[in-house]
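Worksheet: the structure to be examined is printed underneath.
The values are calculated or read from the model by the stated rules, or taken from the named source; none is laboratory data. All values derive from a computational prediction rather than experimental measurement. Ideal geometry is used to build each Cβ from the backbone, glycine not excepted, and the neighbour counts take in all protein chains shown. We work out accessible area using only protein heavy atoms, side chains counted, and drop any ligands, DNA or RNA first. Shrake-Rupley method; radii C 1.70, N 1.55, O 1.52, S 1.80 Å.
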Amino acid sequence: MKSRDTFLRLKRFQAEEKRRRVTQLEMMITEFNRMAGELHKEIAAEEQRARISDPSHFAYPTYARAARNRRDNLVSSMEELKGQLDEAKLRLDEAMAEVSKAESLEGRDRSSDRMHEVVRAADMGANLGMMGLRAARA
């Protein structure tokens, strides 16, 4: 019985770890998206100030070029994280299925144990009844 409880706790712990990973990835994607949005606004403001929006123009602002590179890096990182997030969600679903399976096994084992107790109690009751009959006959 102890090993079943330990097994169930382990499965729950593993599922919780996977849930934390999914949450962490979602927060990172949200943060990267926010940062990319801020950089986009800064790029637009710099281009408007310089009145040059073509990055290949020789007088394109250096800050805007660097901000574009940072924004592009953030966007590519976000895409990579989205792939990791999809994978993490699959792993979480698998872990939750394992927890459900372990819980159903635990429930089935407990009901089986209860059934054995009922049968044992009935056997004991029958034995006590027989002992009472023997005592009455004597």
Scan the stretch 24-115 for trypsin sites (Lys or Arg not before Pro) in coil per DSSP, keeping those whose Cβ has at most 14 other Cβ atoms within 10 Å, and list them by number.
R51
For K2, go through the lysines and keep the ones whose alpha-carbon is under 16 Å away, minus same-chain ones fewer than eight residues off.
K11
Return the lysines within reach of K41: Cα separation strictly under 29 angstrom, same-chain partners fewer than 8 residues apart disregarded; answer none if there are no such residues.
K82
Please calculate the 1.4 Å probe accessible area of M28, with all protein chains present, and give it to the nearest 10 Å².
70
